[in-house]
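Chemist: First the structure, then my questions, so here it is.
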Amino acid sequence: MCPIEEHTATGNRATSVETTIGICGAGIGGLVLALRLAKLGFRPIVFEARSKEAALSEGVFLTLASNGMNGLRAVDCHEAVLREGLETRAIELLNARGKRLALIDQSDHSATFGMPAVTIKRGALTAILIEKCQANGILLQFGRRVTKVDSQPHAVMLTFSEGAGLAVDLLVAADGLRSTVRTLVFPDYPLPQFTGLIGTGGIVDTDIPDTDGIMRMTFGEKAFFGYIKTASHPVYWFDSFPADTPDAMRVLEPTALAAHVRRMHVDNPEPNKSILSAVDEIERSYPLFDMPQLAAWSKGRVALLGDAAHAIGPHAGQGASMAIEDAVVLSSCLADTLDFGAAFARYEALRRPRIARVVKLTRQSASRKRKNSRLSLFIRDLLLPLLIPMTVRASRKMFAYRVDLDPLGTKGGTEYVRQNRQDAA
Ligand SMILES: Cc1cc2nc3c(=O)[nH]c(=O)nc-3n(C[C@H](O)[C@H](O)[C@H](O)COP(=O)(O)OP(=O)(O)OC[C@H]3O[C@@H](n4cnc5c(N)ncnc54)[C@H](O)[C@@H]3O)c2cc1C
């Protein structure tokens, strides 16, 4: 591992492999960016507020779509994630009485898009990325919360909650939805807006039938519930339910939160109720936010990435994949020009249209989870089977994108993949 002194700013006006690139946040986006930058010859250094132990243990699980899995190819982590995770071969949507509204088959994703969708514990994904960073000699500093950012003409001066400050040439804010760096650099930007939904979830060992790779989701009368179970893994479950304020669940003890969640799903078909009856405590709830579109994703030597630039709720399962894609595109832009201002502008121009499409899809999915009058539930049950094919078509375009093959969009993105497949056939 390089000593910290080797990582101070060079004062370069142009980007070169000597450029020290500070990354605020060792979440999914920050770690993938560090790996890709190092692969391209840069010197990234990552500052993470949490301890390493907390980073490895916090959060429950997430599903990475094929496009996110292909993004991980660019940093050679896709195979480890595939081994550690659970292939998610279909999504089944049920109504509150357990009647199937739709079955979205994803079993062709591996053959069609090059990677399946994979559900994996957050800690396991973080561990894979951290180990890879360490194997590549990338400096990761845990317990280093960025508290002040001073972007000067020749460097960005950083202050931390503990320890000495540091100068870096460029700074990428990968510090999530409530990004401190964004607030410091863009004090006028709007704050994330609460969507009126709170999510929870967990992993529990309970004896229910396998879903055989199907993520089974129920639109209950009060709340939304999903789970997946295979022979080699326990039950991975999640839910979302309406709440008046983002802090509504914070006051509850873990046992009281579990009881609240059970009440939210009391009308659910089995095995949802059996799964929740095995859940005694829920440690944390996750209020779900939307981020208004931001006017710009960079200023001077600082750029935003992942949730810090464009929070995407969990409803379309694309937030993490978007952070991964951002990281691959931004690193390629930086490697392609000596002018970091041009690289930041190109990154934003490449990413904005795709993010806008994903946000649109996500909002459609979220609105379906908010119906609560009997009439709106009835109408949703009637319309959903008709709307699903449209959503599936739009989602498959998302999945087809190969950021690892075409990060700068010079080969036609999805078209490039289609062409490749025709050539291979
Ligand atoms: C309940 C829930 C379920 C979800 N499920 C899915 C899913 O199934 N699939 C999917 O694709 N997406 C899902 N998402 C969205 C996904 O989690 C995010 O989009 C993704 O984590 C964004 O990655 P990121 O790297 O931008 O930010 P984060 O993963 O949020 O990482 C930010 C990092 O920055 C650190 N940090 C914050 N402030 C500072 C500071 N001042 N100094 C230093 N470090 C700092 C944090 O500790 C954290 O490690 C879900 C989100 C939620 C809330």
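The values are calculated or read from the model by the stated rules, or taken from the named source; none is laboratory data. Not measured: the values here are computed from a predicted model. With ideal geometry, Cβ positions are generated from the backbone for all residues, glycine too; neighbour counts draw on all protein chains shown.
Chemist: Pick from the stretch 279-302 the residues that are assigned to a strand (DSSP E or B) and of a type in the set (A, V, I, L, M): which of them is nearest to Thr255 (Cα to Cα)?
Modeler: Only one residue fits best here, namely Leu288.
Chemist: Could you figure out which of (1) part of a loop (DSSP other than H, G, I, E, B); (2) in contact with a helix residue (DSSP H, G or I) (Cβ under 9 Å, 6 or more places away or on another chain); (3) of a type outside the set (Val, Ile, Thr) isn't true of Leu338?
Modeler: Here Leu338 meets the rest and fails (2).
Chemist: Okay, next question. Could you please let me know if Asp267 is surrounded by 18 or more Cβ atoms within 10 Å (Cβ to Cβ) and among the charged types (D, E, K, R)?
Modeler: no
Chemist: Within the bounds of the stretch 182-202, is there any residue that is free of Cβ contacts under 8 Å to residues at least 12 places away in the same chain, under 27 Å from Ala34 (Cβ atoms) and acidic (Asp, Glu)?
Modeler: No; the residues of the stretch 182-202 include none that is free of Cβ contacts under 8 Å to residues at least 12 places away in the same chain, under 27 Å from Ala34 (Cβ atoms) and acidic (Asp, Glu).
Chemist: Please work out if Arg97 is near the ligand (Cβ under 10 Å from one of its atoms), touching a residue at least 24 places away in the same chain (Cβ under 8 Å) and closer than 30 Å to Pro269 by Cα.
Modeler: Taking the combined requirement at face value, the residue does not satisfy it.
Chemist: Select from the stretch 307-354 the residues that are away from the ligand (no atom under 14 Å from the Cβ) and within 20 Å of Thr180 (Cβ to Cβ) and list them in ascending order.
Modeler: Phe344
Chemist: Now for a different question. Is it true that some residue in the stretch 315-331 is at pLDDT below 95, part of a helix (DSSP H, G or I), within 14 Å of Ala223 (Cβ to Cβ) and not hydrophobic (A, V, I, L, M, F, W, C)?
Modeler: Yes, the stretch 315-331 contains a residue that is at pLDDT below 95, part of a helix (DSSP H, G or I), within 14 Å of Ala223 (Cβ to Cβ) and not hydrophobic (A, V, I, L, M, F, W, C).
Chemist: Can you tell me which residues in the stretch 148-179 are buried (at least 18 other Cβ atoms within 10 Å of the Cβ) and either charged (D, E, K, R) or under 14 Å from Ser298 (Cα atoms) (or both)?
Modeler: Result: Val149, Val156, Asp169, Leu170, Leu171, Val172, Ala173, Ala174, Asp175, Ser179.
Chemist: (1) touching a His at 6+ places or on another chain (Cβ under 8 Å); (2) over 23 Å from Ala26 (Cβ atoms): which one isn't true of Leu294, the others all being true?
Modeler: (2)
Chemist: Where residues in the stretch 50-80 are within 9 Å of the ligand (Cβ to nearest atom) and surrounded by fewer than 22 Cβ atoms within 10 Å (Cβ to Cβ), which of them is modelled with the lowest pLDDT?
Modeler: Gly59
Chemist: Hey, another quick one. Can you tell which of Ala111, Ala117 is within 23 Å of the chain's Cα centre (by Cα) and either crowded, with 23+ Cβ neighbours inside 10 Å or closer than 27 Å to Ala65 by Cβ (or both)?
Modeler: Residue meeting the stated conditions: Ala117.
Chemist: I'm checking my understanding of the structure. Among residues of the stretch 288-306 that are surrounded by fewer than 24 Cβ atoms within 10 Å (Cβ to Cβ) and hydrophobic (A, V, I, L, M, F, W, C), which one is nearest to the ligand (Cβ to nearest atom)?
Modeler: Restricting to residues being surrounded by fewer than 24 Cβ atoms within 10 Å (Cβ to Cβ) and hydrophobic (A, V, I, L, M, F, W, C), the top hit is Leu288.
Chemist: Based on what the data block shows, is Arg50 among the charged types (D, E, K, R) and more than 17 Å from Thr147 (Cα to Cα)?
Modeler: No, not satisfied.
Chemist: Restricting to the stretch 143-157, name every residue that is more than 9 Å from the ligand (Cβ to nearest atom), touching a residue at least 24 places away in the same chain (Cβ under 8 Å) and not in a loop (DSSP other than H, G, I, E, B).
Modeler: Listed by number, the residues that qualify are Lys148, Val149, Ser151, Val156.
Chemist: Would you check which residues across the stretch 34-49 are away from the ligand (no atom under 13 Å from the Cβ) and either part of a strand (DSSP E or B) or aromatic (Phe, Trp, Tyr) (or both) and list them?
Modeler: Hits for the stretch 34-49 are Phe42, Arg43, Pro44.
Chemist: Here is a check on your reading of the model: is Phe238 within 17 Å of Phe289 (Cβ to Cβ) and not in a loop (DSSP other than H, G, I, E, B)?
Modeler: yes
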